[in-house]
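*Asks:* Here's a structure for you.
Where a number appears in this text, it was derived from the coordinates with a stated rule and is not lab data. Just so it is clear, the structure is predicted and the values come from calculations on it, not from any experiment. FYI the Cβ positions are ideal-geometry reconstructions off the backbone, even for glycines, and counts take in every protein chain you see.
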Amino acid sequence: MILTAIGLHKVADFSTGLAWTVSIAFYVISVITSMVGAAASGLMGF
């Protein structure tokens, strides 16, 4: 997450706050996606 924020700040020329916001949003979306996948897997019995 730190590397993503630094990369967005340096390469995409985002402001520091925007880079951190996008980085945290990607992290939260990936956590939610993995939770939904785990719940679906448990529901199916795999």
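*Asks:* Provide the gained length on full extension for the span Ala12 to Thr33, in nm with one decimal, where the gain is 0.36 nm per separating residue minus the Cα-Cα distance.
*Replies:* On the way: separation 21, 0.36 × 21 = 7.56 nm, distance 2.54 nm.
Stretched fully, the Ala12-Thr33 segment lengthens by 5.0 nm.
*Asks:* Sticking with this one: By average Cβ neighbour count within 10 Å, what is the ranking of 31-37, 3-9 from highest down? All intermediate terms of the calculation are to be shown ahead of the outcome.
*Replies:* On the way: 31-37: 10.0, 3-9: 15.6.
Going by the mean number of other Cβ atoms within 10 Å, highest first, we get 3-9, 31-37.
*Asks:* Using the Cα atoms of the chain, I'd like the radius of gyration and the largest Cα-Cα distance, Dmax, both in angstrom.
*Replies:* Final numbers for Rg and Dmax: 14.9, 46 Å.
*Asks:* Give the angle, between 0 and 90 degrees and rounded to the nearest 10, that separates the Cα long axis of helix 16-44 from the longest principal axis of the Cα atoms of the chain.
*Replies:* Approximately 10 degrees, to the nearest ten.
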